[in-house]
Structure formats: C-alpha cells, structure tokens
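The values are calculated or read from the model by the stated rules, or taken from the named source; none is laboratory data. Small disclaimer: the values here were computed from a predicted structure and weren't measured. Note that each Cβ is placed from the backbone with ideal geometry, even for glycine, and that neighbours are counted across all protein chains shown. Protein only, heavy atoms only, side chains kept; ligands, DNA and RNA dropped before computing areas. Shrake-Rupley method; radii C 1.70, N 1.55, O 1.52, S 1.80 Å.
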Amino acid sequence: RGGRDAPYGGTIRQLERVQQVFPVSAVTAELSVWSPRALSALLPWCAARGVGFLAAMPLGSGFLTGTLTPGQGFEPDDVRARHPRFTAEMMAANQPIVAGLRRVAERHGPDVTPAQVALAWALAQGPNVIPVPGAKHARWAAQNAAATALRLTGADLAEIAGLPAARGSWD
C-alpha cells in the first residue's frame, strides 16, 4: 500500500475507498519504459486485487518508437509541443533510452521495432497489464499488435531496467 509520499499514494487511498462501495475492475495510468512510476505501488495494488491495469502511453507519446527526431517540432495543437520531454534538448538527452530499445529489437530480428520492444516490456509487467498504444495509421496498429508475440528474455528486461531514467518529465 502506498504511503502518503509514495508515487500514486493518494490514488491508492482513493481506490481503496471506492472499492468499499463498488468493485474496481480496471485502473488506467501512464506506464512505459520512460515512465515506470506505476511499478512501485499502483501496479502491485492492482495485481494483488485482480484489477486490470490499462497502461496508458506505453510508447511515450511516440518517443519510444524511435521515429521522432530531436528538434523536429510538432504542430501547435499537439500536446508534445508543450511537454518538457519533447524539447529538442530533452529528446536528445533521452536518445539512450531509444538506443537501448533498438539494441533489444535488433537481437530479436530485423523486423522487430523499438515500439514493439516497449510494448512487450509493458506486457511483461504482469498478466493484468494491457498496454493501450495510440496509432494514427493501420500499419502502426498492426505493428503494435505484433508485439504480443515478442517474448523478452531476462537479459532483455535487465538491459531495459538499466536504461537511464527519462529527463524532462512532468514529475
């Protein structure tokens, strides 16, 4: 159970109050390689109670796909245009995360992408975890779906766990 200052501590207390009057069947929160905060308390809370966990933004709003270029800019109505992780400086600083996902992808074959590795990582966090990636094109949706067949090894998961923490977060 999360303490007062633990990540998601307030959310967990609220879920426990709600659970007393109505069964919670699923919780949605951000979970990705570059935003793993939910792993420390919220995901274990869900797993212990058989509550589904919908992992929002498992591709880091597109950053973990490896297709964004630092400094490329975004349309003014795109939330990434104002997000601290998407400044040119922070995108450049966070490239080692994408490089790590790319290394893991290359070990699994020429058609495996960093995005698929990021989604497979989310799936590896527990049987109650369901990544919810966005996709603007059918080919990306098909590519995302193929991540369910990717089985990361213990070495892959250790390498991903050892990647540097993301910089420029809202946190």
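The table for this structure:
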{"quantity": "Structure-based [θ]222 nm, the chain - -39500 (n - 2.57) summed over DSSP H runs of at least 4, per residue, nearest 500", "calculated": "-11000 deg cm²/dmol"}
{"quantity": "Estimated FRET transfer efficiency when R0 is 30 angstrom, pair Ala142-Arg107 (beta carbons, to 0.05)", "calculated": "0.85"}
{"quantity": "0 to 90° range, to nearest 10: angle between helix 9-19 axis and the chain longest Cα axis", "calculated": "50"}
{"quantity": "Viscosity 0.692 mPa s, 37 °C: Kirkwood-radius Stokes-Einstein D of region 1-80 over Cα pairs, µm²/s", "calculated": "229"}
{"quantity": "Dipole magnitude (debye, nearest 20) for the chain, charges at Cβ of Lys, Arg, Asp, Glu", "calculated": "320"}
{"quantity": "Low-density loop cleavage sites - trypsin sites (Lys or Arg not before Pro) in region 36-84, where at most 12 other Cβ are within 10 Å (DSSP)", "calculated": "Arg82"}
{"quantity": "Antiparallel bridges, percent of DSSP beta bridges restricted to the chain (to nearest 5)", "calculated": "10"}
{"quantity": "Long-range HN-HN contacts of Glu30 with modeled amide H, under 5 Å", "calculated": "Ala56"}
{"quantity": "Rg/Rh for region 38-171, where both radii come from Cα atoms and Rh is the Kirkwood radius", "calculated": "0.96"}
{"quantity": "Farthest positive-ward along the chain dipole, Cα basis, beta-carbon charges - from Phe53, Gln95, Gly109", "calculated": "Phe53"}
{"quantity": "Exposure of Phe63 as accessible area (Å², to 10), given a probe of 1.4 Å and all protein chains", "calculated": "0"}
